[in-house]
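The values are calculated or read from the model by the stated rules, or taken from the named source; none is laboratory data. Worth saying up front: this structure is predicted, and the values here are computed from it rather than measured. Cβ placement follows ideal geometry from the backbone for every residue including glycine, while neighbour counts extend to all protein chains displayed.
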Amino acid sequence: MANHKSALKRIRSNETKRLRNKYQHKTTRNAVRKLRAITDKKEAEGMLSGVVAMLDKLAKNNIIHKNKAANLKSKLTKHVAAL
């Protein structure tokens, strides 16, 4: 158990951040899954920019690695272009 007031606060803030990161990561994964399932090109193009923004935000905050975000964006863009 933590012995300092600041350590207790750090534990609380870390848990809050962990839950926020988990929520954002899961939401983005679901959005990617949904985008891959879409067969209509116009709808997919509209959704692509939102998903790319989500991936960029996760990479910026070090929730996912920047190269993973780049790979996902590349694959999704190729998928949408092929529709």
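Does Arg20 fit the bill of being of a type in the set (D, E, K, R), over 30 Å from Ala2 (Cβ atoms) and out of contact with any Phe, Trp or Tyr (no Cβ under 8 Å at 6 or more places or on another chain)?
Values: of a type in the set (D, E, K, R): yes; over 30 Å from Ala2 (Cβ atoms): no; out of contact with any Phe, Trp or Tyr (no Cβ under 8 Å at 6 or more places or on another chain): yes.
It is false that Arg20 is of a type in the set (D, E, K, R), over 30 Å from Ala2 (Cβ atoms) and out of contact with any Phe, Trp or Tyr (no Cβ under 8 Å at 6 or more places or on another chain).
Return yes or no: is Leu55 more than 30 Å from Asn14 (Cβ to Cβ) and either surrounded by 12 or more Cβ atoms within 10 Å (Cβ to Cβ) or modelled with pLDDT of 95 or more (or both)?
So Leu55 fails the test.
Of all residues in the stretch 18-45, how many are assigned to a helix (DSSP H, G or I), surrounded by 12 or more Cβ atoms within 10 Å (Cβ to Cβ) and either modelled with pLDDT under 95 or not polar (S, T, N, Q) (or both)?
Residues flagged as assigned to a helix (DSSP H, G or I), surrounded by 12 or more Cβ atoms within 10 Å (Cβ to Cβ) and either modelled with pLDDT under 95 or not polar (S, T, N, Q) (or both) within the stretch 18-45 amount to 12.
Among (1) within 17 Å of the chain's Cα centre (by Cα); (2) farther than 15 Å from Lys78 by Cβ, where does Val51 come up short?
Going through the list (1) within 17 Å of the chain's Cα centre (by Cα); (2) farther than 15 Å from Lys78 by Cβ, Val51 breaks only (2).
Could you look through the stretch 58-73, keep only residues that are in contact (Cβ under 8 Å) with a residue 24 or more places away in the chain and within 30 Å of Ala2 (Cβ to Cβ), and pick out the one that is surrounded by the fewest Cβ atoms within 10 Å (Cβ to Cβ)?
Across the stretch 58-73, the extreme among qualifying residues is Asn61.
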